[in-house]
1. So what's the chain giving for Rg/Rh, alpha carbon basis, Kirkwood Rh from the mean inverse pair distance?
2. Note down the net charge around residue 121, summing +1 for each Lys or Arg and -1 for each Asp or Glu among other residues with Cβ under 12 Å from its Cβ.
3. How big is the shadow of the Cα convex hull of the stretch 113-167, averaged over all directions, in nm²?
4. Would you tally the net charge around residue 167, using a Cβ to Cβ cut-off of less than 14 Å, leaving residue 167 out, and scoring K and R as +1, D and E as -1?
5. Hull surface divided by four, with the convex hull built on the Cα atoms of the stretch 76-118: how many nm²?
6. Taking only the C-alpha atoms, wrap a convex hull around the stretch 1-41 and report its volume per residue in Å³ as a whole number.
7. Past 18 Å, Cα to Cα, is the threshold; run 14/36; 29/81; 14/91; 2/59 against it and keep the listed order.
8. So what is the relative contact order of the chain, in percent, for Cα pairs below 8 Å that sit 6 or more residues apart?
Amino acid sequence: MKRAYQKLLEYALKILSKKRYTERKIREKLEQFFKKLETRLKKESDSLFSGFTVEEKEKIFEEVIARLYELKYLDDEAFAKDYIHNRMALKPRGKFLLKRELRLKGLNLETIEAALNAIEIDEAFAAETVLKKYHKKLAKFDGIARKNRAYQLLASRGFNHDAIYKAVDSCYTHLAE
């Protein structure tokens, strides 16, 4: 059991050295790695990963995850905050889409809400930034068509309606209705 723990911890540290993961994603990766080793080592008749009960496997996973938290390689709250900062700097999104993306990464709603509340996000400003980036593409359209395309673009990026209206109005107030 000790060798299995050591092997899983080494694997977790290896993948975390390349990319940050949430606890749920690390757990999934550990389970996949465990299954892969289990099947490979059965063929080689090595008993390192064979004969474990579900409870024993779960205990090993918990120990590895606890150790990763202890070493500060795992921190879902910091992951959420960093993800939001990076996303808003590189590809701005609205809070709705940020929540969805973070949920897909395996974070719970409380952690996501705490991260969003800790970071002040001006959705209207972010929406304007997106519109300025897509100005040339939207310039092909005139009047109402441009506004409609801008609304669609911002809605697809998860911005709330107030932010969308403010951004479109500030960017396209000179257009005739």
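Here, each number is a calculation from the coordinates, and none is a lab measurement. It should be emphasised that the depicted structure is a prediction, and the values quoted were computed from it without experimental measurement. Note that each Cβ is placed from the backbone with ideal geometry, even for glycine, and that neighbours are counted across all protein chains shown.
1. Details: Rg = 23.0 Å, Rh = 19.2 Å.
Here Rg/Rh amounts to 1.20.
2. Details: positive: 81, 87, 93, 95, 99; negative: 120, 122, 123.
Summing Lys and Arg as +1 and Asp and Glu as -1 gives +2.
3. Details: hull surface 15.6 nm².
The orientation-averaged projected area of the Cα hull of the stretch 113-167 comes to 3.9 nm².
4. It works out to a net charge of +3.
5. The Cα convex hull of the stretch 76-118, projected and averaged over all directions, gives 2.5 nm².
6. Roughly 65 Å³ of hull volume per residue.
7. Values: 14/36 16 Å; 29/81 22 Å; 14/91 28 Å; 2/59 11 Å.
Listed pairs above 18 Å: 29/81; 14/91.
8. 22 percent
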